[in-house]
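The values are calculated or read from the model by the stated rules, or taken from the named source; none is laboratory data. Bear in mind the structure is a predicted one, so any value in this text is a computation, not a measurement. All Cβ positions, glycine included, derive from the backbone under ideal geometry; neighbour counts span all protein chains shown.
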Amino acid sequence: MNEPTDPPAIGRRVLRLRTERGLTQRALAAPDYTAAYISTLEAGKVRPSEAALRYLADRLEVSYELLATGRPPQLAGELRLRLAEARQLLCAGEPARAAEDYRELAAEAERHGLAEQQAAALLGLGDCALDLGELDRAIESFQRCEELLRQAPLPQRVPALRGRAVAHLLAGDLRYCCYLLESTIDQLNTGGLADPHALLLLYSAVIAPYMDLGAHRRAAQAAELALALAPRVDDPALVARLHRGVARTLLAEGRVSEAEASLAKAEELYRQLRIGTELAHCHWMRGYLRAQDGDLPAAERELGLARELLARGQATLYTQQIDVELADVLRRAGRPDEAAALLTDLLDALHPGRGAVHAGAAHRLLGRIAEQRDDPAGAEAHYRAALDLLADAGAAADLADLCRLLGDLLRRTGRLEEALDTYRSGLGHQAAPGTTTLGPAPAAPPF
């Protein structure tokens, strides 16, 4: 397709507008130009100067921008307004409706050559796909956004890159997620591009894969750096997301009251911004916190509320992940049959390419329940399925715990050599948890 500023495109617009107004070529050209020039221009054989275009735009009673590019003069502003409205739909927990608007906006922006607005629409489409659990579609949208912005400075590409990393995290590819985030952090910090907003986005995003990898110290370091950057960033939604991630690192260190305080800050900001989906994630995290603290009824309430909020927006992948944690609460509360039924329904939906870490957790829980039911063969099958899933994901801390469970089971059933090998494997995972693709932790910001 020709660009709107190509001579043939301009020629077609001049011809159409002149014909609509009933002007001859001579009438349009006079007094500054000739009919022959107009004929050549309409044929697309000459690129008009800016002065000529402004003259013809005045004669045709249209804006210079419309004649030169084919865009209505206010189109860019109108698209920005509609992009903001689509973002509000997404924040309100309606990703399917928001995705329809984003697709329409992306197509319209592409037709008119508005790369900035097209990139923003593709970023929104990727975010919608994340909420809907459509991970391949999310990665595709984020990649198209990055490609559109390939000539832009790196900080402008960070939101799309972060979205792509999150999609890989949800799919269970923890190491590649870390690679994307860590390498970008290093490029920003060592390349003189240490933009606070971009860095805060990346440090906040890298906390979750670090925690899943078992790299708790590195997660805590990322949280500290992000907290130090927060005062430099005027984006309350991003700051709220940071506090949610910080709460997870604090809880891992046993600092429950501080984790609760950080989560309360995030929840307050989300309520002010009316971001329903992120508020649901706060309830999810609080349910996890309550479960770790042993308050199982409160954990069940919080997880149930989070699930209800996310289910309204058809966020199926997230609701399935909540169900795994809810099943653990039910098992610990002495309701193993309910927990097993919930987990069994999830296993077809969670697999290596979609929620591998939570799929592993589901098999682990089913193994625990099978042991309670005196079914060692069933328990072993679930533990080994979980090991396969988590080994592919690289979730070292969970792997070490699973090796302990499987080793204990093998020892109790008299298979001592196999038990010892399994324990050794678990110690190996514990010895170097959280190894990432790059090795050393990413550099700290220069300021």
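Within the range 397-424, can you find the residues that are free of Cβ contacts under 8 Å to residues at least 12 places away in the same chain and either in contact with a Lys or Arg (Cβ under 7 Å, 6 or more places away or on another chain) or not charged (D, E, K, R) (or both)?
Once the filter is applied, which keeps residues that are free of Cβ contacts under 8 Å to residues at least 12 places away in the same chain and either in contact with a Lys or Arg (Cβ under 7 Å, 6 or more places away or on another chain) or not charged (D, E, K, R) (or both), the range 397-424 yields G414, L416.
Which pairs turn up if I take residues in the range 64-82 that are within 14 Å of A9 (Cα to Cα) and look for partners that are of a type in the set (S, T, Y) and surrounded by fewer than 17 Cβ atoms within 10 Å (Cβ to Cβ) with beta carbon separation below 8 Å, at least 6 apart in sequence or on another chain?
Here the result reads A68/T5; T69/T5, each pair linking the range 64-82 to a residue that is of a type in the set (S, T, Y) and surrounded by fewer than 17 Cβ atoms within 10 Å (Cβ to Cβ).
Can you confirm whether R21 is closer than 24 Å to A109 by Cα and not hydrophobic (A, V, I, L, M, F, W, C)?
no
Out of A349, A359, report the one residue that is assigned to a loop (DSSP other than H, G, I, E, B) and within 15 Å of Y318 (Cα to Cα).
Step by step, each of A349, A359 is checked, and only A349 is assigned to a loop (DSSP other than H, G, I, E, B) and within 15 Å of Y318 (Cα to Cα).
Being within 23 Å of L174 (Cα to Cα), of a type in the set (A, V, I, L, M), modelled with pLDDT under 90 and surrounded by fewer than 22 Cβ atoms within 10 Å (Cβ to Cβ) narrows it down to one of A349, A311, A315, so name that one. Working first, answer last.
On the way: A311 fails: within 23 Å of L174 (Cα to Cα); A315 fails: surrounded by fewer than 22 Cβ atoms within 10 Å (Cβ to Cβ).
Among A349, A311, A315, only A349 is within 23 Å of L174 (Cα to Cα), of a type in the set (A, V, I, L, M), modelled with pLDDT under 90 and surrounded by fewer than 22 Cβ atoms within 10 Å (Cβ to Cβ).
Is one or more of the residues making up the range 377-385 at negative phi, among the basic types (K, R), assigned to a helix (DSSP H, G or I) and at pLDDT below 90?
no
Is one or more of the residues making up the range 268-276 under 18 Å from the mean Cα position of the chain (by Cα) and either at pLDDT 85 or above or crowded, with 22+ Cβ neighbours inside 10 Å (or both)?
Yes.
Quick one: would you say A27 is surrounded by 13 or more Cβ atoms within 10 Å (Cβ to Cβ), of a type in the set (A, V, I, L, M, F, W, C) and either in the same structural domain as D131 (by TED's automatic domain parsing) or under 20 Å from A9 (Cβ atoms) (or both)?
Spelling it out, it is not the case that A27 is surrounded by 13 or more Cβ atoms within 10 Å (Cβ to Cβ), of a type in the set (A, V, I, L, M, F, W, C) and either in the same structural domain as D131 (by TED's automatic domain parsing) or under 20 Å from A9 (Cβ atoms) (or both).
Determine if the range 60-67 includes at least one residue that is modelled with pLDDT under 85 and of a type in the set (V, I, T).
yes
If I filter the range 45-59 for residues that are closer than 21 Å to L114 by Cβ and of a type in the set (D, E, K, R), do I get at least one hit?
So far as the range 45-59 goes, yes, one or more of its residues are closer than 21 Å to L114 by Cβ and of a type in the set (D, E, K, R).
Looking at E258, E224, which one is under 26 Å from A298 (Cβ atoms) and at pLDDT 85 or above?
E258
Residues are listed down the side, and each one gets a yes or a no for (1) surrounded by fewer than 16 Cβ atoms within 10 Å (Cβ to Cβ); (2) at pLDDT 80 or above; (3) out of contact with any Pro (no Cβ under 9 Å at 6 or more places or on another chain):
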site	(1), (2), (3)
D401	no, yes, yes
D408	yes, yes, yes
Y423	no, yes, yes
G428	yes, no, yes
G434	no, no, yes
G439	yes, no, yes
P445	no, no, no
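Checking the structure you have, find out if any residue of the range 181-192 is acidic (D, E), modelled with pLDDT under 95 and in contact with a Ser or Thr (Cβ under 9 Å, 6 or more places away or on another chain).
Taking the range 181-192 and keeping what is acidic (D, E), we get 182, 186.
Then drop every residue that is not modelled with pLDDT under 95, which leaves 182, 186.
Imposing the further condition that a residue be in contact with a Ser or Thr (Cβ under 9 Å, 6 or more places away or on another chain) reduces the set to 182.
Yes; the residues of the range 181-192 include at least one that is acidic (D, E), modelled with pLDDT under 95 and in contact with a Ser or Thr (Cβ under 9 Å, 6 or more places away or on another chain).
Within the group R364, R368, which residue is in a helix (DSSP H, G or I) and more than 27 Å from R218 (Cα to Cα)?
On the way: R364 fails: more than 27 Å from R218 (Cα to Cα).
Result: R368 is the single residue among R364, R368 that is in a helix (DSSP H, G or I) and more than 27 Å from R218 (Cα to Cα).
Among the residues in the range 178-185, are any surrounded by 19 or more Cβ atoms within 10 Å (Cβ to Cβ) and either under 11 Å from the mean Cα position of the chain (by Cα) or on the phi > 0 side of the Ramachandran plot (or both)?
Within the range 178-185, the first condition is being surrounded by 19 or more Cβ atoms within 10 Å (Cβ to Cβ), and the residues that meet it are 178, 180-182, 184-185.
Now narrow it down to the ones that are either under 11 Å from the mean Cα position of the chain (by Cα) or on the phi > 0 side of the Ramachandran plot (or both): none.
Looking for residues that are surrounded by 19 or more Cβ atoms within 10 Å (Cβ to Cβ) and either under 11 Å from the mean Cα position of the chain (by Cα) or on the phi > 0 side of the Ramachandran plot (or both), one finds none in the range 178-185, hence no.
Quick check on my filter: what residues within the range 150-168 are over 30 Å from H351 (Cα atoms) and out of contact with any Ser or Thr (no Cβ under 9 Å at 6 or more places or on another chain)?
R150, Q151, A152, P153, P155, Q156
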